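Before any comments, here is the structure.
Each value in this text was obtained by applying a stated rule to the coordinates, not by laboratory testing. In this text the structure is predicted, and so the values were computed from the model without any measurement. Counting neighbours? That spans all protein chains shown, and the Cβs are built from the backbone with ideal geometry, glycine included.
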Amino acid sequence: MPKVTYIYGDERIEAEVEKGKPLLRIGLDAGVPIEHACGGNGFCTTCMCRITQGMNQLNARNDREENMGVMDDPYRLTCQAEVEGDGDVVVELLDE
Ligand code: FES
């Protein structure tokens, strides 16, 4: 079972991937304090992260990410990025 590792500050939390679930939801369910001001709808950028491993395991960027200007690797909106592949992903939350 692939896993997602969330890194923020000195913390590191691993969670099992549930395909079709956004990185935001997987992280919140695992107790990772990811900001999500717009409620996970892709209309802010508070949930933006850096993907340090496994970008090729994720779905393609969607219109909401492009509308918010999140166009370039390694950045993704955790509320819009879902794991589609069978490999591990490492997500680094951005400092506030
Ligand atoms: S929670 Fe607002 S864009 Fe992801």
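So if the hydrodynamic radius of the chain is defined as the Kirkwood radius over C-alpha pairs, what does Stokes-Einstein give as its diffusion coefficient at 25 °C and 0.890 mPa s, in µm² per second? D = 190 µm²/s. Each of 91, 39, 28 was scored by the projection of its Cα onto the charge dipole of the chain, and the greatest displacement toward the positive side belongs to 39; charges sit on the C-beta of Lys, Arg, Asp and Glu.
Think of it as helices only: each DSSP H run of n ≥ 4 in the chain is worth -39500 (n - 2.57), and spread over all residues that comes to -3000 deg cm²/dmol at 222 nm.
Taking label points 7 Å from Cα along the Cα-to-Cβ direction, residue 94 and residue 7 give a separation of 1.7 nm. Between residue 55 and residue 67, the contour length at 0.36 nm per residue exceeds the Cα-Cα span by 2.4 nm.
Report the charge-dipole magnitude of segment 3-93 in Debye, nearest 20, computed about the Cα centre from +1 at each Lys and Arg Cβ and -1 at each Asp and Glu Cβ. Each step should come with its number before you reach the end.
Numbers: 9 positive and 17 negative charges, 31 e Å.
The dipole magnitude comes to about 140 debye.
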